[in-house]
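Report on one structure; see the data block that follows.
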Amino acid sequence: MTGNRPFKRALDRLQTAGFRPTRQRLGLARLLFEGEHRHVTAEQLHTEAMGADLRVSLATVYNTLNQFTAAGLLREVVVEAGKSYFDTNTSDHHHFFLEGTGRLEDIPGDDVVVQHLPAAPPGTRIARVDVIVRLSADQGDDR
């Protein structure tokens, strides 16, 4: 039989990264990778998992997101202390962060030019530069 298996995209990503496709990993991978690129917090993913009848603890969601990030399947975007988003788009790019709503939006990597980076300390190298442009909603003119 050569038909497409359900959740093939998520399963392929897990196997390519060397993960054993447990029920919980596969379920979370489906939520993350079956659609368009997205930014999600652990809490948002946990809520989606519960809504999809995937019984998984918040701790397991955090652990899985961290494992996926370490394997290069996700990128962690820290917007402030204690607040991280996990990005399914792992290409070089930057972000807009709308502070009032917490919305994160991609900026193509070529749209931001960073010049005159400081030299990296001895024994290190610059691996990547992440730019987060913080936005606030227009409140109109109070004149």
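The values are calculated or read from the model by the stated rules, or taken from the named source; none is laboratory data. Every value quoted in this text rests on a predicted model; they were computed, and no experiment measured them. Here Cβ is always computed from backbone atoms with ideal geometry, including for glycine, and neighbour counts include all displayed protein chains. What goes into the accessible areas is simple: the full protein's heavy atoms, side chains included, and nothing from ligands, DNA or RNA. Shrake-Rupley method; radii C 1.70, N 1.55, O 1.52, S 1.80 Å.
Brief remarks on what is shown
- Counting only helices (runs of 4 or more DSSP H) that sit wholly inside the range 1-69, those with at least 2 residues that are open to solvent by 40 Å² or more (accessible area, probe 1.4 Å) and of a type in the set (Lys, Arg) are 8-16, 23-33.
- Every condition in (1) out of contact with any strand residue (DSSP E or B) (no Cβ under 8 Å at 6 or more places or on another chain); (2) free of Cβ contacts under 8 Å to residues at least 24 places away in the same chain is met by ALA10 except one, and the failing one is (2).
- Candidates ASP138, ASP130, ASP142, ASP110, filtered to the one that is assigned to a helix (DSSP H, G or I) and at pLDDT below 95: ASP110
- Members of the range 71-90 found to be free of Cβ contacts under 8 Å to residues at least 24 places away in the same chain and either open to solvent by less than 60 Å² (accessible area, probe 1.4 Å) or in contact with a Cys (Cβ under 6 Å, 6 or more places away or on another chain) (or both), listed by number: ARG75
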